[in-house]
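Notes for the one structure printed next.
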Amino acid sequence: MSTSLSEEEIKRLFRIRKTVMEMLKDRNYLVGDFELEMDRRQFVSKYGEHMKREDLVISKSMKNDSSEQGVFITLLYIIVVNSDQMPGRKKIYI
């Protein structure tokens, strides 16, 4: 039986996701307007109050630059992990 995340945890995950989406768009990754405009209520509606970190994996492709020779595909995966599982890593506070 899973438990609901606290309001603070949901708020934190929402803010992290929003910041990551903005950073990806700034770095020329394909990010839809709906992903940038998602509010907290829509975030909870999509992922639920019992969301798991693996539900929040983000996979994005970089926009193609027509001036480049050949075809290059850049994929980026972002995975939210529990900091307790990553010894020697510093926590990032947002």
Looking only at region 1-30, count how many residues are farther than 29 Å from ASN64 by Cβ and over 14 Å from the mean Cα position of the chain (by Cα). 9
Please verify whether LEU13 is of a type outside the set (Ser, Thr, Tyr) and at pLDDT below 90, treating the condition exactly as stated. yes
For region 14-48, what are the residues that are β-branched (Val, Ile, Thr) and under 16 Å from SER61 (Cα atoms)? VAL20, VAL31
When you go through LYS60, LYS52, LYS46 one by one, which is the residue that is touching a Leu at 6+ places or on another chain (Cβ under 9 Å) and modelled with pLDDT of 65 or more? LYS60
Within region 31-49, identify whether any single residue is within 29 Å of ASN64 (Cβ to Cβ), surrounded by 12 or more Cβ atoms within 10 Å (Cβ to Cβ) and among the β-branched types (Val, Ile, Thr), and answer yes or no. yes
Given the structure, is ILE16 among the β-branched types (Val, Ile, Thr) and in contact with a helix residue (DSSP H, G or I) (Cβ under 7 Å, 6 or more places away or on another chain)? no
Name, by its number, the condition in (1) surrounded by 16 or more Cβ atoms within 10 Å (Cβ to Cβ); (2) more than 21 Å from SER61 (Cβ to Cβ) that does not hold for LYS11. (1)
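The values are calculated or read from the model by the stated rules, or taken from the named source; none is laboratory data. Keep in mind that this is a model prediction, so the values were computed, not measured. Counting neighbours? That spans all protein chains shown, and the Cβs are built from the backbone with ideal geometry, glycine included.
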